[in-house]
Amino acid sequence: MVGQLPRRTIAGYCPRCGQPLPAQAAFCGACGTPTPGPPLLPAGPPQPAPGFTGPPATTGPPPAARGNRALWVIVIAVGVVVAAILILAVVPVAQSASFKIYSTQVQPGDYSKSFPDGVSVSGHWSATGAKPVSFTVVGFLLSQVVSENGTAGSFVFTAELGPYLFSVDSANTTSPVTTSVTVTYNAPLL
């Protein structure tokens, strides 16, 4: 090719003045800045290598955040359990007891039952047979709490100082009497 100059390929640009640098140039032809090593390429976003599809997709937060979430779940779960235990220890739970007292014309019947101090005890009683019986509840130191005559009744008292004796005297009857007693009281669970 006569009359044509050989064509130079541009390999990059000068980092100082931005002029194009020919391939294998050691200095910038415009400002004289040395170019150590291979010439610099134009600034811009890096291009992925052929066939590169990118990093694998992840779902959810990074591993450190997942660890923090697990820690918070554990802390909240422990807090809920502790709160439940404290509530159950303080809040009274209704409890009930049922029992039967057998008595005869000769032998009165009784039943001993203890309740936590300070709880309210309520209940009812009923005796079989047509004749009235004497139903009493006696507390510690022989303090009489309930005294009723008849075939049925109800009672309420506040428990203090130890067990209570539920008694039925059927001296006025001619046959044995079974008296059913049901009590309900509130007591702390723990």
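Within the stretch 151-183, the set of residues being modelled with pLDDT under 80 and either exposed (fewer than 14 other Cβ atoms within 10 Å of the Cβ) or under 13 Å from PHE115 (Cβ atoms) (or both) comprises LEU161, GLY162, ALA171, ASN172, THR174, SER175. Scanning the stretch 131-150 for residues that are in contact (Cβ under 8 Å) with a residue 40 or more places away in the chain and either within 23 Å of SER114 (Cβ to Cβ) or not β-branched (Val, Ile, Thr) (or both) turns up LYS131, PRO132, PHE135. Against the test of being surrounded by fewer than 15 Cβ atoms within 10 Å (Cβ to Cβ) and in a strand (DSSP E or B), the options SER126, SER134, SER112 yield a single qualifying residue, SER112.
The values are calculated or read from the model by the stated rules, or taken from the named source; none is laboratory data. Predicted model only: the values in this text are computed from it and were never measured. Virtual Cβ from ideal backbone geometry, glycine too; neighbours counted across all protein chains shown.
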